[in-house]
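Chemist: Can you keep this structure in mind? I'll have questions shortly.
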């Protein structure tokens, strides 16, 4: 069976409410009403209302640039549909074969590949950062010079997931043998092998611009694992 699934990426953020933009903090946050203090005197504002004449004009201007909430509440109150694509390819296949009522075998194959995003503020992108397959190494998985830091307080030009990760391919095999004793008892012996080909399941590259390991692979999943198990049914 082959199935295709499509979905819209819904992003959720927290933005100031209409009352908060006016200096009115009478709305509960996670069920609690916070106490707003005057930073000059360390005394609470009356009724949790910041007087308009004490509000910094630059802060008021910044608040006006945030969109208004699209839902109620003071947290996670702004929802929007993402406008960027998130390319992920995943394939799973499983084959079960029963040799007899007492002997069976299953094989599972999984493959997954996706694009990695950034762990910090998005940088400016200068060119395609993906190296050809033959030039990728664990110490330099993509063109690190394809990105530069964006100016402070600006959003970089890079897309959300510009780097294709290493992905992984995995084959798991299990052989099951059952033996009956005196009609009431059945012994089951299982031999299971995970990551049969011992293919390194490399982790995602380091995408924190400016960090010492930027562009390198520093993590991996488990190597081949062989597991023996026995079970008695009665």
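Chemist: I need the full set of residues from region 1-47 which are modelled with pLDDT under 75, in contact with a strand residue (DSSP E or B) (Cβ under 8 Å, 6 or more places away or on another chain) and surrounded by fewer than 11 Cβ atoms within 10 Å (Cβ to Cβ), in order please.
Modeler: 8, 10, listed by residue number.
Chemist: Restricting to region 48-73, and then to whatever is in contact (Cβ under 8 Å) with a residue 12 or more places away in the chain and more than 27 Å from residue 153 (Cβ to Cβ), can you tell me which residue is surrounded by the most Cβ atoms within 10 Å (Cβ to Cβ)?
Modeler: 48
Chemist: Tell me yes or no: at least one residue of region 161-179 is free of Cβ contacts under 8 Å to residues at least 40 places away in the same chain, part of a loop (DSSP other than H, G, I, E, B) and surrounded by 12 or more Cβ atoms within 10 Å (Cβ to Cβ). Walk me through it before giving the result.
Modeler: Pass one, region 161-179, residues free of Cβ contacts under 8 Å to residues at least 40 places away in the same chain: none.
The answer is no; no qualifying residue exists.
Chemist: Oh, and also: Of all the residues that make up region 124-148, how many are part of a loop (DSSP other than H, G, I, E, B), within 14 Å of residue 163 (Cβ to Cβ) and either out of contact with any strand residue (DSSP E or B) (no Cβ under 6 Å at 6 or more places or on another chain) or not assigned by TED's automatic domain parsing to the domain that holds residue 161 (or both)?
Modeler: Kept after step one, since they are part of a loop (DSSP other than H, G, I, E, B), are these residues of region 124-148: 126-129, 131-132, 136-141, 143.
Filter once more, so that each one left must be within 14 Å of residue 163 (Cβ to Cβ): 126-129, 131-132, 136, 140-141, 143.
Keeping just the survivors that are either out of contact with any strand residue (DSSP E or B) (no Cβ under 6 Å at 6 or more places or on another chain) or not assigned by TED's automatic domain parsing to the domain that holds residue 161 (or both) gives 126-128, 132, 136, 140-141, 143.
The total comes to 8.
The values are calculated or read from the model by the stated rules, or taken from the named source; none is laboratory data. In this text, all values refer to a predicted model and were calculated from it rather than measured experimentally. Cβ: placed from backbone, ideal geometry, glycine included. Neighbour counts: every protein chain shown.
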